[in-house]
Amino acid sequence: MIDQDLFRAVLGRFASGVTVVTTRDQDGTPHGMTVSAFASLSLDPPLVLICVANDATMTPLLAHVEQFAVNVLSSTQEAMSRRFAGKSDDRFVGIGFHDGRTGIPVLDDVLAWLQCKIVARYPSGDHVLIVGQVEHADVGDGRPLLYYRGGYAMLER
């Protein structure tokens with residue numbers, strides 16, 4: 001079996017975009033967390049997937065909700081990524097957002113967003129893989145925020 005430190009080092013060489021996944025609990029309170037393990041899965045039907053650590057604060061909530069949104073962060077939103085990666089209960093205080101068509105919070109000024117209905121959950125090692133069918137989406141302008149080798153990076157073009 002591969003050494004865990006080597007595995008982490010190898011995966012750190014893969015640059016990924018940075019997203020914030022948002023949802024609402026049964027009381028209507030917004031919740032969100034930074035997620036870099038996001039990918040497209042299918043064009044027909046339009047499916048995406050997110051991978052969430054079993055010990056993440058939102059994992060129990062994502063086990064019961066029916067919808068989530070993926071907010072793709074721009075290069076100007078590193079502070080937002082750090083905020084939603086932290087342990088604060090009030091991650092939305094002072095953050096601009098609006099309700100999308102399905103009532104799920106969509107963060108303001110993101111590079112793109114997708115609102116999804118959860119269609120499957122798969123326990124996978126120390127994570128759960130969640131598949132969402134995209135119901136609504138839109139794009140903004142800017143450059144993506146990237147995560148590479150344990151830190152943030154910007155795309156230069």
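Descriptive notes on the structure:
- The range 38-87: Cα Rg divided by the 2.2 N^0.38 Å rule of thumb: 1.34
- Rg and Dmax, both from the Cα atoms of the chain and both in Å, are 15.2, 46.
- Length released on extending from Arg149 to Asp89, taking residue separation times 0.36 nm less the Cα-Cα span: 18.9 nm
- Proximity of backbone amide H atoms, modeled 1.01 Å from N, is registered between Ala153 and Leu146, Tyr147, Tyr148 at under 5 Å, excluding neighbours fewer than 5 places apart on the same chain.
We did not get these values from a lab; they are worked out from the coordinates using the rules stated. Please read these numbers as outputs of a predicted model, since none were measured by experiment.
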